[in-house]
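The values are calculated or read from the model by the stated rules, or taken from the named source; none is laboratory data. Keep in mind it's a predicted model, so treat the numbers as computed, not measured. With ideal geometry, Cβ positions are generated from the backbone for all residues, glycine too; neighbour counts draw on all protein chains shown. Surface areas here come from the heavy atoms of the whole protein model, side chains and all, with no ligands, DNA or RNA. Shrake-Rupley method; radii C 1.70, N 1.55, O 1.52, S 1.80 Å.
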Amino acid sequence: MATERIVVIDFGAQYNQLIARRVREAGVYSELLPCTAPLERIRGGGLSGIILSGGPDSAYWDNARGCEAGVFTLGVPVLGICYGMQYIAAQFGGEVREAPVREFGKTAIRYAQHPLFAGITADSVWMTHNDSVTKVPEGFTAIASTDNCPVAAFACDEKRIYGIQFHAEVTHTPQGAKIFENFLSLCGCARSYSVEGLADKLIADVRAQVGSGRVIGALSGGVDSSVASVLVHRAIGDQLTCIFVDHGLLRENEAREVVGFYRDTLNLNLIAVDARERFLQKLAGVTEPERKRKIIGEEFIRVFEEEAKKLGGADYLLQGTIYPDVIESGSAGSAVIKSHHNVGGLPKDVGFKGLIEPLRMLFKDEVRALGEHLGIAHELVWRQPFPGPGLAVRVLGDITEEKLHILRRSDAILREEIQNAGLSEAIWQYFTVFTGIRSVGVMGDLRTYDYAIGVRAVTSTDAMTVEWAEIPYPVLRRISERIIAEVPHVNRVVYDITSKPPGTIEWE
Ligand code: XMP
């Protein structure tokens, strides 16, 4: 699909996915790979350039993160950002030291004449670093400076290796996008990747595969199944029927919003099944996490089969599988940590001719861009991932209506505050957990003995590994105050500061 490709090597900074996104916005397909990725995977097809990301390590540590040395000899330009730049300096015999004056935030900068900065008129950038390059490696020259950082950018034009100390990927760096465009020009990219072209191609593929057949799909309201459904609907119209199952474990207002949006706004052929009672009955008294997951998975399949039968069957089953799902399903033989239930677990033996998986090659980011292009509302496209078993895996122990109510209310408050703080797109997932723990507190001079709500918020690129999100204290404070004031029977809020591994994102 991609004739030009930029690989971003992930050295562990929180928002590295933004770099890949900026590159794609500038017209070249880009993907983020872990710094441990083998050279073969980096080289892939159509490699045009490499970006080394920021990260929390110091380049002079013995065990500092690194990547395959071969990235510098693949014959494509390399751009290092922050730690990425320091890493380059260390690799080529320069010197990196703790900066005498650290720089955090908006910082005035002076650029030398260099193609990397062509057409840039803005004179400030976003800095956040403890270390800096104190000696430029041989063959390199400094091409930007700030008052406290003499080497704010460097270049070795002969080797086509560049480094910037600041973060061009964040919107706080004015004209940061231009720097990526300039880098892509240095890579010789034609910059022809566009979401329009991608959508047209995927739609044509679906038409060719399905012909006049009928397609059925489960719509969860999540990003992937939504984008897949809208795309296929664009391709084959009412030959597609979607089934949405409300299992009673959705977030506040979710069922109403999802059904309203897809049926009324996008005119999808949608069957909404109210199966709340059925699921909650089956789950009554069940406390064991795996048992809960199994019950929900099985019940989901049963409901889906019943509805499919009512429709008189279909030729194809639509699935919203995306590329990370494909990678994960390749790891057969690994231990079962959790039985994941999602649309991927639907019955394949109900007589379908085949599967339709239009998003199979795409990363979440692209799925989102595609969704926006297809006219799906921004809020929906940027929804955080939500597990198939829903709130069942966020209520520890047995599930009751009262616990679900407490969880829904606290979760709605958290989501509102994260939204207000402008963090919703920077954090991969954020939700509350009904811990089931009761503890003593004091409210209005009286003793309370009520529930503790857990707050979970993580950053990630693929949900395989995550860091807990560094939500600013004032935002955390407001979340806690509001949950305790507004949600009955909650007197304590705790913040989960566990990364994955060793934790998982969901508590069950
Ligand atoms: P864990 O908790 O395993 O979650 O770190 C990784 C990601 O998967 C989501 N998740 C699920 N998604 N069906 C799904 O479709 C499931 O059964 C399921 N369980 C967890 C979780 O929200 C996170 O994004």
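Numbers below:
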read-out	value
Residue list for region 461-489, filter: within 16 Å of the ligand (Cβ to nearest atom) and at negative phi	Thr461, Asp462, Met464, Thr465, Val466, Glu467, Trp468, Ala469
Residues of region 465-508 satisfying the condition of being open to solvent by 30 Å² or more (accessible area, probe 1.4 Å), touching a strand residue (DSSP E or B) at 6+ places or on another chain (Cβ under 9 Å) and part of a helix (DSSP H, G or I)	Leu476, Ser480, Glu481, Ile484
Where a residue in region 479-508 is within 21 Å of Gly390 (Cβ to Cβ) and in contact (Cβ under 8 Å) with a residue 12 or more places away in the chain and its partner, wherever it lies, is open to solvent by 50 Å² or more (accessible area, probe 1.4 Å) and within 16 Å of the ligand (Cβ to nearest atom), with Cβ under 6 Å and at least six apart	Lys500/Thr465
Residue ID - farthest from Gln86 (Cα to Cα), chosen from residues in region 150-204 that are crowded, with 19+ Cβ neighbours inside 10 Å and acidic (Asp, Glu)	Glu181
Test set (1) within 11 Å of the ligand (Cβ to nearest atom); (2) surrounded by fewer than 19 Cβ atoms within 10 Å (Cβ to Cβ) - Glu425 fails condition number	(1)
Identity of the residue in region 365-402, open to solvent by less than 30 Å² (accessible area, probe 1.4 Å), farther than 14 Å from Leu202 by Cβ and assigned to a helix (DSSP H, G or I), that ends up nearest to the ligand (Cβ to nearest atom)	Val393
Meets criteria (of a type in the set (Val, Ile, Thr), in contact (Cβ under 8 Å) with a residue 40 or more places away in the chain and not in a strand (DSSP E or B)) for Val133	no
Near pairs, Cβ below 6 angstrom, 6+ apart or cross-chain, from region 98-120 (assigned to a helix (DSSP H, G or I)) to any residue that is open to solvent by 70 Å² or more (accessible area, probe 1.4 Å) and modelled with pLDDT under 95	none
